[in-house]
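No lab work stands behind these numbers, since they all come straight from the coordinates. Computed from a predicted model, the values in this text were never measured in an experiment. Cβ sites come from the backbone with ideal geometry, for glycine too, and all protein chains shown count toward neighbours.
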Ligand SMILES: Nc1ncnc2c1ncn2[C@@H]1O[C@H](COP(=O)(O)OP(=O)(O)OP(=O)(O)O)[C@@H](O)[C@H]1O
Ligand SMILES: [Mg+2]
Ligand SMILES: [Zn+2]
């Protein structure tokens, strides 16, 4: 049998399988219970958090021949057709490729025909914000007086681009990013079902990288599984997800903080050699600076799902940190990120910024550079201001004149 991507295989099929969207599922369930189904819904929120899945579950629930409470049975003909995408009554339209007025006009005509097998005809229009203005207007006419048996579900990641005239005719549901802990539990659950061993820290990396998008998390997991033969472990996962940058950015940040310029030079050469992205590295450096500042000021780290590696990294760094220096370093990195946007010569700009950051205590008078015992050259020396006799002579000269 051919391999099915995890995101497809584990698409939620019932309301109770749709994670992290309690507000949405509860309201939809109530509408079903009280038989108060609206004729137009707008599902909005970040990508990969369950909008299309929710639309399909809802379409099944209202057309299911044998519902289990408010959940669809997923067994009857109607449910099966919807799951396999062959239903003639549940029509999914991609707004991005059917953007024009002609497509919407033909939809307007089709809408008038009664459903073939089900109680309701459901139109799921994805990426609805991509429709042209004319198409929006044509759609509006349909929305004003839809036949009783028609339900529209619009899905979009950009509700701000949907015309207000459409918004005002829809019930709006805001989907949220998936919480890190929920996402991790879901990954664990899926790996257990698939009988695949894993290290938790590897999952932490995947979760962090997915930034609340469940589809991304499952696709990354797919990649890692394909790459590692057996266990989803931290080494392979970091390697595969480009966390090589992570290791180098940690080393670089540590050398900057310790003002170890020799090591900084070695690392800069390594970065050039491996062709790593300056912008990505700088983002990591900013992240480290922020985390360090939290650590210094509040003794906490603002990281969800801290990996063992990160914990160790910050633990070791702690005694070298001072908030005064972190503020100064932060400014340098922020400036670097702007410079990388606006100027060429990325390599030079990057090198200059990194050198500046790693010698900052020699550039500006920061009191709190003690506390660490490292490169003695890095400690600010009190500059002996020479007495300049010339001035006196000058004055004497003038006096004489
Ligand atoms: N809330 C969720 N609970 C469980 N799995 C989810 C959830 N959201 C997304 N997924 C997983 O991600 C896949 C894609 O989800 P879905 O297509 O519903 O997202 P979407 O919000 O419509 O994304 P897009 O905006 O990109 O269209 C699902 O098949 C499922 O595997
Ligand atoms: Mg979708
Ligand atoms: Zn059913």
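Data table
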| read-out | value |
| --- | --- |
| Peptides 294-300, 145-151, 280-286, 254-260 ordered by average Cβ neighbours within 10 Å, highest first | 254-260, 280-286, 145-151, 294-300 |
| Likely footprinting exposure, 34, 183, fewest C-beta neighbours within 10 Å first | 34, 183 |
| Cα gyration tensor category, rounded, prolate or oblate, for segment 291-359 with a/c compared to 1.5 | prolate |
| Cα gyration tensor shape for segment 180-240, rounded if a/c is under 1.5, else prolate or oblate | oblate |
| Ranked packing of 318-330, 190-202, most packed first, by mean Cβ within 10 Å | 318-330, 190-202 |
| Bridge type composition, the chain - antiparallel percent by DSSP, nearest 5 | 5 percent |
| Ascending count of other beta-carbon atoms within 10 Å, so fewest first, for 346, 129 | 346, 129 |
| On Cα atoms only, tilt of 389-400 relative to the major axis of the chain in degrees | 60 degrees |
| Ordering of 9-19, 50-60 by burial proxy (mean other Cβ atoms within 10 Å per residue, highest first) | 50-60, 9-19 |
| Taking 348, 173 and counting other C-beta atoms within 10 Å, the order from fewest to most | 348, 173 |
| C-alpha long axis of helix 308-317 to longest principal axis of the chain, angle in ° | 30 degrees |
| Bins of 20 Å, starting at 0 and running to the largest distance - Cα pair percent for the chain | 22, 38, 27, 9, 3, 1 |
| Prolate/oblate/rounded call for segment 60-196, Cα gyration tensor, a/c under 1.5 rounded | oblate |
| Whole-Å semi-axes of segment 245-378's equivalent ellipsoid (Cα gyration tensor) | 22, 18, 14 |
| Gap separating the Cα centres of segment 168-182 and segment 300-359, nearest whole Å | 34 Å |
